[in-house]
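Asks: Just dropping this structure here.
Derivation of every value follows stated rules applied to the coordinates shown; laboratory data play no part. Just so it is clear, the structure is predicted and the values come from calculations on it, not from any experiment. Here the Cβ is made from the backbone with ideal geometry for all residues, glycine too, and neighbour counts use every protein chain on show.
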Amino acid sequence: MTSFIPENPVPIEARPTVFCLHALGSSAREFDGIAARLADDVDVVGLDLPGFGDLSAADGVTVDEMVAYVVRRIRSHGATRWMILGHSMGGKIASIVASRVLSGDAPLFGLAGVVLLAGSPPVPEPMDEERREQMLAWTDEGGLDDDAAREFVDANTGSPLPDDELRAALTDLRRTSREAWRAWLQRGSREDWSEQVGTLDVPVLIVSGGADGDLGPENQQRLNGAVYTRPRFLTLDGAGHLLPLERTDEVAEAIRAFWFGEAGRSPVIPTDWSRLVASPRVQPRTRGILARRALADNPRYKPRVLSARHIITLRAVAARVVPQQGVPIDLATRIDGELADGKGDGWRSKELPSDIEAYLIALDALDGLENLADAEQDDVLASLAADDGPGLGSMTQAAANAWFEDVRAALVRTWLAHPATMARIGFDGFANGSSGRDLFGYQLLAAGEREAWEPTLKESK
Amino acid sequence: MNLTGMRHYSDDEVVDVVVVGTGAGGAPLTATLAARGLSVVALEAGPNFDPVDYTGDETEAVEINWMSERISGGADPTAFGQNNSGRGVGGSMLHWGAFAPRPGEADIRLKRDSGLGEDWDVDYEELKGYLGQVEHFIGVSGPSDYPWDPGRSYRYPAPRRNASSDMMIRGCQAVGITATDAPAALVTHDHHQEEFGLRHACANCGNCHQGCRNSSKAGTDNTYLPLAVKAGAEIRAESMVHGIELDARGRVSAVVYRKDGVDRRQRCAQLVLSAGGVETPRLLLHTGIANSSGQVGRNFMVHGATQVWGRFDTDMRGHRGYPSSIISEDMMRPNDADFAGGYLIQSLGVMPLTYATTLTRGAGLWGQALVDAMDDYRYMAGVGINGECLPADRNRLELSDELDEFGIPKAVISFTAGPNEKALDKHATERMSAIVEAAGGKDLQVLARTAHTVGTARMGADRERNVVDPDGRSHDVPNLWISDNSTFASSLIANPAITIMAMSLRTADRMLAA
C-alpha cells in the first residue's frame, strides 16, 4: 500500500509569524520586547503603518489604505502560518485584515489567530470628544512636541514606563506624521467597519488593561467581543493602554499560551500549498472557504445538538474511521455543527429516524467506546456494518448499517474538505481559477504531467 | 442568469401556461411557447445564481443540488442529494455532467426486441429530429466520426482527453472494445449563444458537477431560458409549488406556491409539471390529481452506475479535465448478454469527496484502508457505466408521514435491483475490470452506485397503465402536461438530459397543436 505522509509531521513551517500593528503615535518598535521574549517560538514582525515610525505617509493614512498596505506587506513577507496582532489603532486594522483573509478577498492564506491589545473595534472607537479635540489641538501647528508627547504617554499608562521605553515612546510620538495622526483622530477612529467585518469565527485573544479608559475591559467585551465568536479575554490588572510596553512579559506569555493552546492547534498545511491558495489561481470565494476551514477547532466548543459525552464517543468513532496523525481535525464537533445547521446530505435510509435522532441513539449506544482497546473498538464498529447483529440501541441492525454508512461518509468528507488533507492526497483542483477568462483550468491532462504552478508532491511509489 | 428587463405577470392574471421547474424538461418548452406569443410563467423552487459565484468546493457546491431530505428504501436504496436533482434556475442542468449520448431506436423499443420492459409511444424519427435540434442549439461537442452512428456530426471538436481517457482507450483497444471521444454538451471553442452572450471554451477545470463558472457547459440558464425571457416569459425563482387548484370541470385553474414565506396563487390556463422524476410525482400524490390510473410514483427507475477503479503507477489525477470524455456503445446489446438492454461505458474523472463517499458507501471502506485509498487518490483511474433498468412494481415513490419545510410529505423512494439489473451489473463489472486491468490498473476497486431518477409518471396511450398520453398530456386533467424524465417509459441507456430536452420541444409543439 502506498501513502503520502509528510516525513516530519511537525515541519519547521509550523513556527508561526505574528504581524504586529502598532497604536496611534507608536511604531513597530513597540513590539521589540515581545519579539525578544517570543524568539524561541514565534517570529514577531512589527510593521510601521504609513505615517508612523520610519514610514512616510505616502502609502496612505486612511483605514482603507492602511489595510491595503498591511495586506501587501504580509503578502510580500510570504508567511503561510501566521497571526495578526493589533494594538489600539492597529486593532481595527487587524480585524479588517482578518475579515478580508477569511472572506478570501485578500490574496493571503494561513491566518491562524488574532491578538488584540486594547484594540480599537471595527465600530467607531469610543473616545471622549474633549480628549479627541485636545489631541488634535496638539497638531494644529505641526507635529507633536515634547510636552504633548509626555502628556499622551502619561494619560495612557497605568504606571510609569522604564526610562528606555519612555524615551523610545516619546521619540515615536514626535516623529509621527501630522497627517497620519489627524487622519486617525478625525476619520479612521470614527469609521464604522462593522458591516464589512461581520462576525469572525477565528481564534482571538483580547487583552485589555484594567486601568485603561475607553478601550478597557468593558468595552472590549462589548465591542470586540461582539465581532469574534470565540474570544479569549485577558485583563491585566492595573495596566493602562500601552500594554506591549507596560506589561511586556505578560503579553508575550499570553501570546505563547494562545498559540500553543488554541490558534496553533491545527494540521499544518505545506508552505507551497498555502502559497497556492493565496495565489490568483484560487477564486476568492473558494479561498475564503478554505481559510475558514483551516482554522483551529475551538477547544471550548459547546456542542449544539450532541452532548459533551456524545462528542467524546463520536471522536472515538472518528479516530477509528479516519485515523489522523499529528494534531487532528476535530471531525466530531464539525459534524455537530453541520447537524445543528440542518446540513444533511439530502437523503436518508428508510431504516433510520431523522439524522439528529439517529446520532443521539447511536452515540448513546456506543457510549464508552473510547475506553476500549483499538482492536476492540474496531470490532464494535465492524459489527455495525455486519448483515446480522443486535442493532444499535433502539435501532435495528439494518438501521445500524445505514447509520454507520452515513457517519463514515460524513467523517471522511469532513476530513477531506480540510486543505491540509487536500495537500496530503495531492489534490490541487481548488486552484483552477475564477470564471470566464480567469477560469484557468488545466492545460496538461495526461498521466504523469504536472504544470509549473502545481505544488510538488513526494513520489510515494 | 441575467433576468434584467424580464417581463412580469401578476398572480391574478390568467397566464396561458405555468411551468413548474426550469431544468431540461421545463426550459425548452418555456422558450418555445413564449416565442409563439403565449404568456408563460416558469416557477423555480431554487434561487437564481450567477455562475461566476459558483465554487468548486464540493462541500459548499451543494447549494445547486436539491438537498431537501428524501427517504430511500428497498434493498438497494438510491442516493439523492448531490447524486441527483438540482435546485435553482436551470434545475439539474446546473450540476449535470454534460455527458450527452443519444438514445438509439433500440433504446425505446426494448419490449419489442426483448419482450421485457416497456416501449415508448413515440416515433423515433420524430424524437431524433428534436434531438438534433437540441444538440445543435445548446452546442454539443463530440467526435467527427461516431462509430455506432455513421454520419452523425457535432458542432465542435470533442473535449480534450485526460489521463483516465487515455487509460480507457488503451484498455478498450487491448480487449477489443471500440471506444472514442464522448459527445459532451459543452463548447470546446468560444461560442456566442443567442440572447445569452459569450460562452467560453471549456477550460478543463473538472468542476462540471459543482456548476460551470464560464458557461462552457450547456445548461438551460445559458441556452433556452435567455431565449424564453427575451420572448416575454417570466422566470420566478424561489417559488416552491405545493398546491394545484382545479375548477368545477376538473381543469387546473391555478397553482399555489410559497415565495418569501408567503403562499401565493398563480392563475393559469394550462399547467406543465417539469419538476423531475421525484418532485413531479410527489406534487401529484400530494395534491391527489391526475392519478386515476394509480400509476403516479410507480415504475421508478435508476441507472446502474457501477464503477471500476484501478491504481496506476503514475499520477492520473482525474480531477483534471472534462470528467467523462470517452464513451463506448459496444455494450448497447452485448452478444453474450443474459439480460435485456445494455449499458454505456464511460471514462471517469472524480473529485475527492465524491470518490471517498463512493468508496465508503459503495465499497464499505473505513479505517486505515479508507485513508490509504484516499492517499492513492491521485493514482486512480476508472470507468463506469450507465445501465438499463427495467420498470418494476416494487420500485416506486410514495409519500411518507413526515412533512418537509413546505408542509409537503417527504418522498419515500424504494428501489431493489431485479435479476436483470444484477445480471447486467455482473456483465458490466467483468467487462470494466478487463478494460482497467488491460490498461495497467492494479488492485481493482468495484464501487456500486446508481444515478438518475426516471419513470414515475409514465407516458403511453393506455390510460389504465400510464399517467400521461403520448403527447405528454394527463389522461385525467386535460390542461395538465408533464415534461420531464418522469414520463420515460423505459430508462434508456443514454443519460437522460438530451432526451428530456428533446421531449420538451416535442411537448411544446403538441401543446401548440392542441
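Asks: What does the average come to when, for each residue of peptide B:201-211, you count the partner chain Cβ atoms lying within 10 Å of its Cβ?
Replies: 4
Asks: Okay, next question. Which FRET efficiency value, to the nearest 0.05, do you get for A:Arg73 and B:Val52 by plugging their Cβ-Cβ distance into 1/(1 + (r/R0)^6) with R0 = 30 Å? Write down the numbers at each step before the final one.
Replies: On the way: r = 30 Å, r/R0 = 0.99.
Here the calculated transfer efficiency is 0.50.
Asks: Which value, to two decimals, describes the C-alpha radius of gyration of chain B once divided by 2.2 N^0.38 Å? Mind dumping the intermediate values first?
Replies: Working: Rg = 21.6 Å, N = 514, 2.2 N^0.38 = 23.6 Å.
Taking N as the residue count of chain B, the ratio is 0.92.
Asks: Let me ask something else about it. Modelling each spin label as a point 7 Å along the Cα-to-Cβ direction, I'd like the B:Lys128/B:Asp476 distance in nm, to one decimal.
Replies: The answer from the label model is 3.7 nm.
Asks: At each listed q (0.12, 0.26 Å⁻¹), what is the log10 of I(q)/I(0) that the Debye formula gives for segment B:1-79 modelled as equal alpha-carbon point scatterers?
Replies: Result of the Debye calculation: -0.54, -1.32.
Asks: Around B:Gly297, what is the net charge, scoring Lys/Arg as +1 and Asp/Glu as -1 over all other residues with Cβ under 9 Å from its Cβ? Write down the numbers at each step before the final one.
Replies: Numbers: positive: B:Arg282, B:Arg298, B:Arg396; negative: B:Glu398.
Around B:Gly297, the charge tally is +2.
Asks: Ok, one more. Please identify the trypsin sites (Lys or Arg not before Pro) of segment A:66-97 that satisfy two criteria: DSSP loop assignment and at most 16 other Cβ atoms within 10 Å. Which are they?
Replies: On the way: sites: A:Arg72, A:Arg73, A:Arg75, A:Arg81, A:Lys92; in loops: A:Arg81.
In loop regions of segment A:66-97 (DSSP not H, G, I, E or B), there are no sparsely surrounded trypsin sites (Lys or Arg not before Pro).
Asks: If you don't mind, another one. Can you list residues whose amide H is under 5 Å from A:Leu200's amide H, if they're 5+ apart or on another chain and H is modeled 1.01 Å from N?
Replies: Amide H neighbours of A:Leu200: A:Tyr228, A:Thr229.
Asks: Where in segment A:166-184 does the label zone of A:Arg150 land, with the point 7 angstrom along Cα→C-beta and an amide N cut-off under 20 Å?
Replies: Residues A:166-176 qualify, since their backbone N sits under 20 Å from the label point.
Asks: Under the 0.36 nm per residue contour assumption, what length would be gained going from the current alpha-carbon distance of B:Arg463 and B:Arg155 to full extension?
Replies: Numbers: separation 308, 0.36 × 308 = 110.88 nm, distance 4.01 nm.
Net length gain for the segment: 106.9 nm.
Asks: For chain B, what is the mean residue ellipticity at 222 nm derived from helices alone (per DSSP H run of n ≥ 4: -39500 (n - 2.57); sum divided by total residues; nearest 500 deg cm²/dmol)? Working shown, then result.
Replies: Details: 10 runs with 117 residues, N = 514.
Using -39500 (n - 2.57) per qualifying helix, the result is -7000 deg cm²/dmol.
Asks: Another question about this same structure. Calculated FRET efficiency, A:Asp378 and A:Asp249, Cβ-Cβ r, R0 35 Å, to nearest 0.05? Walk me through the numbers before you get to the answer.
Replies: Numbers: r = 49 Å, r/R0 = 1.39.
Efficiency, rounded to the nearest 0.05: 0.10.
Asks: Run the simple label-point estimate for B:His192 and B:Val175 please: 7 Å along Cα→C-beta, distance reported in nm.
Replies: It is 4.7 nm.
Asks: In the structure shown, do any of A:Lys343/B:Lys230; A:Lys92/A:Lys302; A:Lys302/B:Lys410 have a Cα-Cα gap over 30 Å, and if so which? Working shown, then result.
Replies: Details: A:Lys343/B:Lys230 37 Å; A:Lys92/A:Lys302 28 Å; A:Lys302/B:Lys410 32 Å.
A:Lys343/B:Lys230; A:Lys302/B:Lys410, as the Cα separations exceed 30 Å there.
Asks: Right, something else. On average, how many beta carbons from a partner chain sit within 10 Å of the beta carbon of a residue in B:310-319?
Replies: Numbers: counts 0, 3, 3, 3, 6, 9, 3, 14, 3, 7.
Neighbouring Cβ atoms belonging to other protein chains average 5 per residue here.
Asks: While we're here: Under the rule a/c < 1.5 gives rounded, and otherwise a/b versus b/c splits prolate from oblate, where does segment A:315-417 land using the Cα gyration tensor?
Replies: On the way: a/c = 1.76, a/b = 1.07, b/c = 1.64.
The shape class here is oblate.
Asks: Shielding by partners for A:351-363, please: the mean number of other protein chain Cβ atoms within 10 Å of each residue's Cβ.
Replies: On the way: counts 4, 2, 1, 2, 1, 0, 0, 0, 0, 0, 0, 0, 0.
So the per-residue partner count for this stretch is 1.
Asks: Separate question: Using the membrane-span-like helix rule (whole DSSP H runs, Cα extent along the own axis of at least 27 Å, mean Kyte-Doolittle hydropathy at least 0.0), which helices of chain A qualify? Don't skip to the end; give the middle numbers.
Replies: On the way: long enough: A:397-416 (28 Å, 0.21).
In chain A, the long hydrophobic H runs are A:397-416.
Asks: If I model a spin label as a point 7 Å beyond the Cα along the Cα-Cβ vector, how far apart are those points for B:Asp260 and A:Asn298 in nm?
Replies: 3.3 nm
Asks: Moving on to the next point. Please find the FRET efficiency linking A:Ala137 to A:Glu179, where r is the Cβ-Cβ separation and R0 is fixed at 22 Å, and quote it to the nearest 0.05.
Replies: Values: r = 16 Å, r/R0 = 0.73.
For R0 = 22 Å, the calculated efficiency reads 0.85.
Asks: Here's another thing I want to ask about it. Starting from the amide H of B:Asp16, placed 1.01 Å from N in the peptide plane, find each other amide H under 5 Å away whose residue is 5 or more places distant or on another chain.
Replies: B:Ser39, B:Ala269
Asks: Per residue of segment B:218-235, in order, report the coupling 6.51 cos²θ - 1.76 cosθ + 1.60 (Karplus, θ = phi - 60°) as ³J(HN,Hα) in whole Hz, putting x for Gly and Pro.
Replies: 6, x, 7, 5, 10, 9, 6, 5, x, 4, 4, 5, 4, 7, x, 7, 10, 9
Asks: Before anything else, pin down the relative contact order of segment A:17-263: Cα pairs under 8 Å, at least 6 apart, normalised by residue count, whole percent.
Replies: Numbers: 493 pairs, mean separation 58.2, N = 247.
Relative contact order comes out at 24 percent.
Asks: What does the charge count around A:Asp336 come to, taking other residues whose C-beta lies under 13 Å from its C-beta (Lys +1, Arg +1, Asp -1, Glu -1)? Please report the intermediate quantities before stating the final value.
Replies: Working: positive: A:Lys302, A:Arg304, A:Arg309, A:Arg315, A:Arg334, A:Lys343; negative: A:Asp297, A:Asp330, A:Glu338, A:Asp341, A:Asp355.
After counting each charged neighbour, the total is +1.
Asks: Rounded, prolate or oblate for segment A:17-263? Axes are the square roots of the Cα gyration tensor eigenvalues, ordered a ≥ b ≥ c, and the cut-off for rounded is a/c under 1.5.
Replies: Working: a/c = 1.38, a/b = 1.24, b/c = 1.11.
Rounded is the answer for segment A:17-263, as its axis ratio a/c remains below 1.5.
Asks: Quick one: net charge of A:Ala278's neighbours, Cβ under 10 Å, K/R +1, D/E -1?
Replies: +4
Asks: Now for a different question. For segment A:32-66 and segment A:397-461, what is the centre-to-centre distance using only Cα atoms, to the nearest Å?
Replies: 37 Å
Asks: Same structure, new question: Do any GluC sites (Glu not before Pro) in segment B:203-299 lie in a loop, going by DSSP, with at most 11 other beta-carbon atoms within 10 Å of their beta carbon, and if so which? Show your work: numbers first, answer last.
Replies: Details: sites: B:Glu234, B:Glu238, B:Glu245, B:Glu279; in loops: B:Glu238.
The qualifying sites: there are none.
Asks: Okay, moving on. For chain A, what is the relative contact order in percent, using Cα pairs closer than 8 Å and at least 6 residues apart in sequence? Don't skip to the end; give the middle numbers.
Replies: Working: 789 pairs, mean separation 73.3, N = 461.
Across chain A, relative contact order equals 16 percent.
Asks: Grab the Cα-Cα distance for A:Glu357 and A:Ala308, subtract it from 0.36 nm times how many residues apart they are, and report the gain in nm with one decimal.
Replies: Numbers: separation 49, 0.36 × 49 = 17.64 nm, distance 1.59 nm.
Extra length from A:Glu357 to A:Ala308 when fully extended: 16.1 nm.
Asks: Only Lys, Arg, Asp and Glu count, each charged at its Cβ (+1, +1, -1, -1), so figure out the dipole size of segment A:57-201 about its Cα centre, rounded to 20 debye.
Replies: Details: 16 positive and 25 negative charges, 163 e Å.
Result for segment A:57-201 is approximately 780 debye, rounded to the nearest 20.
Asks: Suppose only helical runs count, i.e. DSSP H with n ≥ 4. What mean residue ellipticity at 222 nm does that imply for chain A under -39500 (n - 2.57) per run, divided by all residues and rounded to the nearest 500 deg cm²/dmol? Intermediate results must be reported in sequence, preceding the final value.
Replies: Details: 18 runs with 190 residues, N = 461.
Helix contribution divided over all residues of chain A: -12500 deg cm²/dmol.
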